[in-house]
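Before any comments, here is the structure.
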Amino acid sequence: MASNNDPEPDMDAEAGHHGGVQSVDRALLVLEILARDGHAGVSDIAEEMGIHKSTVSRLMGALVTREMVQQNSERGKYRLGFGVLRLADAIPGRLSLVREARSILESLADEFKETVNLAVLRSNYAVNLDQAMGPSTLAMYDWVGSLTPLHATSSGKVLLAALTTDERIRVLKETGLPARTPRTITSRSKLEAQLLDVARDGYAVTREEFEIGLTSMAVPVYNHLGAVIGAVSISGPSFRFDPETAPGLLEALKQAGLQISARMGYR
């Protein structure tokens with residue numbers, strides 16, 4: 001039996017706590033409905049959520065106050081507001097591409113036993129930010145921090161293909177198309193034709209264009225706006241590595257690119 005000095009449970013506070021959690025959950029569901037449908041009225045939302053229209057109206061009032069939603073004055077329906085954009089804009093600056101990609105790079109390298117790199121476009125070059133090594137003793141070169149030419153690498157071609165025509169003209173005018181090996185593409189028209197294929201197919205392959213004996217394949221990484229912000233590549237010795245015929249490799253590489261993209265906010 002409790003003594004008179006023992007504190008009694010605050011039932012009102014407990015009820016308020018659960019009610020508050022329920023309200024938060026409902027408010028988030030409202031935002032998800034509006035994100036999915038574009039706009040919706042109180043009756044539509046109440047019917048989908050299985051709650052009374054007066055409850056939805058109170059939720060909408062609170063969300064409007066916080067600018068999470070806004071109401072169309074003509075039709076009375078609601079849509080997402082600018083407050084959501086402010087929250088969304090704060091996310092990309094806090095995301096680290098290297099951190100978000102690391103485990104995915106390691107998984108890919110472990111599965112296919114080759115070297116996987118993450119690259120971005122910097123100062124007209126593909127810069128390798130991170131690398132996961134396959135267990136092969138032949139894959140020992142550390143590419144992290146290396147600047148590689150866009151026209152002669154699979155990552156570079158993915159990044160080039162994502163540029164506008166004007167941007168690509170500027171970059172190639174400044175860098176030229178120097179031959180790294182006898183297999184490097186130095187014809188502008190031939191390169192442009194290949195970049196069209198890259199954009200269409202969603203991946204690029206280079207065979208001994210950057211270095212004799214090295215073959216690689218790359219796919220794009222997207223940000224929350226759908227813009228290409230990087231490329232994931234897998235490479236290995238040409239005598240035993242053919243990425244277009246290796247079972248499951250292309251699909252796995254594309255999935256890796258999409259998984260990293262999703263972590264960067266891409267949908």
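The values are calculated or read from the model by the stated rules, or taken from the named source; none is laboratory data. Since the structure is predicted, the reported quantities are computational estimates derived from the model, not experimental observations. Neighbour counts run over all protein chains shown; Cβ positions are idealised from the backbone, glycine included.
Among the residues of the stretch 239-267, write down those that are under 18 Å from Ala109 (Cβ atoms) and touching a strand residue (DSSP E or B) at 6+ places or on another chain (Cβ under 6 Å). Before you say what the answer is, go through the steps one by one.
First pass over the stretch 239-267, keeping only residues under 18 Å from Ala109 (Cβ atoms): 240-243, 246-260, 263.
If the condition is that a residue be under 18 Å from Ala109 (Cβ atoms) and touching a strand residue (DSSP E or B) at 6+ places or on another chain (Cβ under 6 Å), then Phe241, Pro243, Leu253, Lys254, Ala256, Gly257, Ile260 are the ones that fit.
Where in the stretch 156-267 are there strands (runs of 3 or more DSSP E), lying wholly inside it, with at least 3 residues that are crowded, with 23+ Cβ neighbours inside 10 Å?
Numbers: elements: 204-207, 214-222, 228-237.
It comes to 214-222, 228-237.
Would you call Arg168 under 26 Å from Asp130 (Cβ atoms), assigned by TED's automatic domain parsing to the domain that holds Val127 and more than 18 Å from the chain's Cα centre (by Cα)?
On the way: under 26 Å from Asp130 (Cβ atoms): yes; assigned by TED's automatic domain parsing to the domain that holds Val127: yes; more than 18 Å from the chain's Cα centre (by Cα): yes.
Yes, satisfied.
Of these, Glu192, Glu208, Glu244, which one is farther than 15 Å from Val120 by Cα and out of contact with any helix residue (DSSP H, G or I) (no Cβ under 9 Å at 6 or more places or on another chain)? If you could, list the steps in order and put the result at the bottom.
Values: Glu192 fails: out of contact with any helix residue (DSSP H, G or I) (no Cβ under 9 Å at 6 or more places or on another chain); Glu244 fails: out of contact with any helix residue (DSSP H, G or I) (no Cβ under 9 Å at 6 or more places or on another chain).
Answer to the selection: Glu208.
Test Leu172 against the criterion of being modelled with pLDDT under 95, touching a strand residue (DSSP E or B) at 6+ places or on another chain (Cβ under 6 Å) and under 19 Å from Leu121 (Cβ atoms), and give yes or no. It would help to see each step written out before you state the result.
Working: modelled with pLDDT under 95: yes; touching a strand residue (DSSP E or B) at 6+ places or on another chain (Cβ under 6 Å): no; under 19 Å from Leu121 (Cβ atoms): yes.
Criteria not met by Leu172.
Within the stretch 186-244, which residues are in contact (Cβ under 8 Å) with a residue 12 or more places away in the chain, within 30 Å of Glu100 (Cα to Cα) and basic (Lys, Arg)?
If the condition is that a residue be in contact (Cβ under 8 Å) with a residue 12 or more places away in the chain, within 30 Å of Glu100 (Cα to Cα) and basic (Lys, Arg), then Arg207 is the only one that fits.
Name the single residue, out of those in the stretch 234-267 being under 15 Å from the mean Cα position of the chain (by Cα) and small (Gly, Ala, Ser), that is modelled with the lowest pLDDT.
Looking only at the stretch 234-267, we keep the residues that are under 15 Å from the mean Cα position of the chain (by Cα), and these are 253-267.
Those left that are additionally small (Gly, Ala, Ser): 256-257, 261-262, 265.
Values: Ala256: 96, Gly257: 96, Ser261: 94, Ala262: 93, Gly265: 86.
Applying the filter and picking the extreme gives Gly265.
Tell me, which residue of the stretch 126-147 that is among the aliphatic types (A, V, I, L, M), modelled with pLDDT of 65 or more and part of a loop (DSSP other than H, G, I, E, B) is surrounded by the fewest Cβ atoms within 10 Å (Cβ to Cβ)? Talk me through it step by step, then tell me what you get.
Going through the stretch 126-147, the residues among the aliphatic types (A, V, I, L, M) turn out to be 126-127, 129, 132-133, 138-140, 144, 147.
Cutting the leftovers down to modelled with pLDDT of 65 or more gives us 126-127, 129, 132-133, 144, 147.
With part of a loop (DSSP other than H, G, I, E, B) added as a condition, the list becomes 133, 144.
Details: Met133: 18, Val144: 12.
Restricting to residues being among the aliphatic types (A, V, I, L, M), modelled with pLDDT of 65 or more and part of a loop (DSSP other than H, G, I, E, B), the top hit is Val144.
Mind telling me which of the residues Ala2, Ala15 ends up being assigned by TED's automatic domain parsing to the domain that holds Arg79, among the aliphatic types (A, V, I, L, M), modelled with pLDDT under 80 and more than 19 Å from Arg79 (Cα to Cα)? Show your work before the answer.
Details: Ala2 fails: assigned by TED's automatic domain parsing to the domain that holds Arg79.
The conditions single out Ala15.
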